[in-house]
Amino acid sequence: VLNFWAGSCPPCRAEMPGFQRVYERHKDELILLGLEVGVFTGLGTRQSALDLLEELGITYPVAAPPNRKPVLNYSVVDMPTTIFFGADGKVFQRRDGAMNEAQMEAAVTAMLEAS
């Protein structure tokens, strides 16, 4: 699961605690990577991202790309955007915009069942 987010994005902030709980339930079954792209979307700085991670107690893996290439390659226009990949590496599902915990859980369950 690849989640594009930004440190100063209110919908990102709202969905992250639910993502954390889904990650804790399924961390042995999937990889969840939060990709912080605020500097490329005008929605934050590296520091605002680090502050948000600390404030929310996020422990799932996060990274920040060195350039905007992932934003362009995955046609990210809404923040947040979440892409679910099947075991075959192909896109299983995509969600442009925020997800709540139940929606994330349903998508993860469907993805795992299909794998």
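The values are calculated or read from the model by the stated rules, or taken from the named source; none is laboratory data. Note that the structure is predicted; figures quoted are calculated from it, not measured. Positions of Cβ are generated from backbone atoms using ideal geometry, with glycine treated the same way; all protein chains shown enter the neighbour counts. These accessible areas exclude ligands, DNA and RNA; they are computed on the full protein's heavy atoms, side chains included. Shrake-Rupley method; radii C 1.70, N 1.55, O 1.52, S 1.80 Å.
The figures follow:
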item	result
Given (1) in a helix (DSSP H, G or I); (2) in contact with a Lys or Arg (Cβ under 7 Å, 6 or more places away or on another chain); (3) within 18 Å of E29 (Cβ to Cβ), index of the condition A110 fails	(2)
Subset of region 1-12 [closer than 12 Å to E36 by Cα and either of a type in the set (K, R) or open to solvent by less than 50 Å² (accessible area, probe 1.4 Å) (or both)]	L2, N3, F4, W5, A6, G7, C9, C12
Region 14-58, subset under 22 Å from A106 (Cβ atoms) and either hydroxyl-bearing (S, T, Y) or in a loop (DSSP other than H, G, I, E, B) (or both), residue least open to solvent (accessible area, probe 1.4 Å)	L32
Meets criteria (of a type in the set (K, R), more than 15 Å from G38 (Cα to Cα) and open to solvent by 50 Å² or more (accessible area, probe 1.4 Å)) for R95	yes
Boolean, F4 is under 17 Å from V76 (Cα atoms) and not charged (D, E, K, R)	yes
Cβ-Cβ under 6 Å pairs, at least 6 apart or on other chains, region 74-86 side in contact (Cβ under 8 Å) with a residue 40 or more places away in the chain, far side surrounded by fewer than 16 Cβ atoms within 10 Å (Cβ to Cβ) and basic (K, R)	I83/R94
Some residue of region 80-92 being aliphatic (A, V, I, L, M), at pLDDT 95 or above, surrounded by 16 or more Cβ atoms within 10 Å (Cβ to Cβ) and out of contact with any strand residue (DSSP E or B) (no Cβ under 7 Å at 6 or more places or on another chain)	no
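Conditions tested, residue by residue: (1) closer than 25 Å to A87 by Cα; (2) basic (K, R); (3) touching a Gly at 6+ places or on another chain (Cβ under 8 Å).
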{"position": "S48", "(1), (2), (3)": "no, no, yes"}
{"position": "L52", "(1), (2), (3)": "no, no, yes"}
{"position": "P61", "(1), (2), (3)": "yes, no, yes"}
{"position": "A64", "(1), (2), (3)": "yes, no, no"}
{"position": "Y74", "(1), (2), (3)": "yes, no, no"}
